[in-house]
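Trainee: Mind having a look at this structure? Questions to follow.
The values are calculated or read from the model by the stated rules, or taken from the named source; none is laboratory data. Just so it is clear, the structure is predicted and the values come from calculations on it, not from any experiment. FYI the Cβ positions are ideal-geometry reconstructions off the backbone, even for glycines, and counts take in every protein chain you see. Heavy atoms of the whole protein, side chains included, go into the accessibility calculation; ligands, DNA and RNA do not. Shrake-Rupley method; radii C 1.70, N 1.55, O 1.52, S 1.80 Å.
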Amino acid sequence: MNTLMNDDIDILISEVGPRDGLQNTKAFMPTGYKKQWISAAAAAGIREIEVCSFVPPKLIPQMVDAAEVVAHSLTIPGLHVAALAPNFKGAQRAMEAGVHKLTLTISVSREHSLANVRMTPDEAIASAKKICAFRDSLPPEQRPVIESGLSTVFGCTLEGAVSEDEVVRMAVASVEAGCDEVGLADTTGYANPEQIRRVFRKVRAAIGDKLSGAHLHNTRGLGLANVVAALEAGVTTFDSSLGGLGGCPFAPGASGNIVTEDLVFMLESMGLRTGIDLDKLLAIREILKQSMPEEPLYGYVPLAGITKGFVPATQQR
Ligand code: COA
Ligand code: ZN
């Protein structure tokens, strides 16, 4: 259950483009453009943005300015500022920077876990426990919400099928380690709608409302179908990325997130309020085009245009 949910929206969209998107782009987006993007996304009505990850800049040079990007984001009134960290050092840096929410990347697949964070899944849980204990030692106003971002939940490009029992075990272990929330990620774009419904229900049966959101990739074109399946399983928080940028550099063949523009169009058309202004959202693509002209941007609604007579969810009531 996300603490940002309130009466004026039905679905919380967490924009992860500045993190998941940029970790996988060839071009470096200059810091000034990152700040412009984040400000424009907040002005379009996005309430939570994963603005960066705290990783060694040697490994992912794009994230060299993480602390500066967080500092800027914290000046935007009402914005919930999230960041990702793979290990204790990254978590400490994120907390020093003052993030509101910290997502720990914890892989269910052993092979992906080793390739991505050089820890086994159980070692990653032990690290999460240490991170949560450190968080709890801080003064209350400096403690971020900690989410266990379980990755490769629906399949792994290195290992193939991932055991659903193992997913449930890792979700329970995350809560026992002290994480406030557990999100499920289809890092590799392997999931199908039936599997989404089943796995979300199994995890909810085990950890109740600690189950937070869905982080879906559109690698095989099933992203929005999977969103509908997750809605049916009671999910109300979705990560997505402007222009569908994204992918884990350490999961071979992984590609972009579901496209924020298409997701907002679908949800609003279905009568589900996101609080996001679609026209303003579409306009932000210009910042990406200007700052990284070589980078392909995805999305159907941006190409085809908003439908004639489109009525946002708030006006349907
Ligand atoms: N931020 C900055 N520096 C870090 C760091 C972090 N989060 N974690 C480690 N370092 C530094 C260490 O201090 C050390 O520096 P030194 O060489 O100057 O002493 C160096 O990096 C190596 O540290 P080590 O603990 O041995 O890390 P590693 O090389 O085994 O890498 C991870 C482990 C987890 C840091 C790395 O695999 C990683 O960042 N993975 C995440 C990848 C990612 O973001 N994937 C996408 C998300 S799905
Ligand atoms: Zn991702």
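Trainee: Go through Tyr298, Tyr190 and list them by solvent-accessible area, largest first, probe radius 1.4 Å. Intermediate results must be reported in sequence, preceding the final value.
Mentor: On the way: Tyr298 120, Tyr190 85 Å².
Result, largest first: Tyr298, Tyr190.
Trainee: If you only keep lysine pairs separated by 8 or more in sequence, or across chains, how many in the chain come under 20 Å at the Cα atoms?
Mentor: For the chain, qualifying lysine pairs total 23.
Trainee: Percent antiparallel among DSSP beta bridges with both residues in the range 12-315, to the nearest 5? Each step should come with its number before you reach the end.
Mentor: On the way: 2 of 35 bridges.
The antiparallel fraction comes to roughly 5 percent.
Trainee: What number, in percent, do you get for the relative contact order of the range 84-132 if the mean sequence gap of Cα pairs under 8 Å and at least 6 apart is divided by its residue count?
Mentor: Once normalised by length, the contact order is 41 percent.
Trainee: Using +1 on the beta carbon of Lys and Arg, -1 on that of Asp and Glu, and nothing else charged, what's the dipole of the chain about the Cα centre, debye to 20?
Mentor: 280
Trainee: Name the shape class, rounded, prolate or oblate, that the alpha-carbon gyration tensor gives for the range 12-315, where a ≥ b ≥ c are the square roots of its eigenvalues, rounded holds for a/c under 1.5, and otherwise prolate holds if a/b is larger than b/c and oblate otherwise. The partial results should precede the final answer.
Mentor: Working: a/c = 1.44, a/b = 1.18, b/c = 1.23.
Rounded is the answer for the range 12-315, as its axis ratio a/c remains below 1.5.
Trainee: Starting with the highest mean, order 283-294, 191-202 by the number of other Cβ atoms within 10 Å, averaged over the residues of each peptide.
Mentor: Averaged packing, sorted descending, gives the order 191-202, 283-294.
Trainee: Sticking with this structure for a sec: Explain nothing, just the number: relative contact order of the chain, from Cα pairs under 8 Å at least 6 residues apart, as a whole percent.
Mentor: With pairs under 8 Å counted, the relative contact order is 20 percent.
Trainee: Mind ranking Val235, Val162 by accessible surface for me, highest first, 1.4 Å probe?
Mentor: Highest to lowest solvent-accessible surface, that is Val162, Val235.
Trainee: Quick one: ranking Asp239, Asp186, Asp209 by accessible area, 1.4 Å probe, largest first, what do you get?
Mentor: Descending accessible area places them as Asp209, Asp239, Asp186.
Trainee: Using a 1.4 angstrom probe and counting only protein chains, how large is the accessible area of Asp122 in Å², to 10?
Mentor: Taking all protein chains as shown, Asp122 has close to 90 Å².
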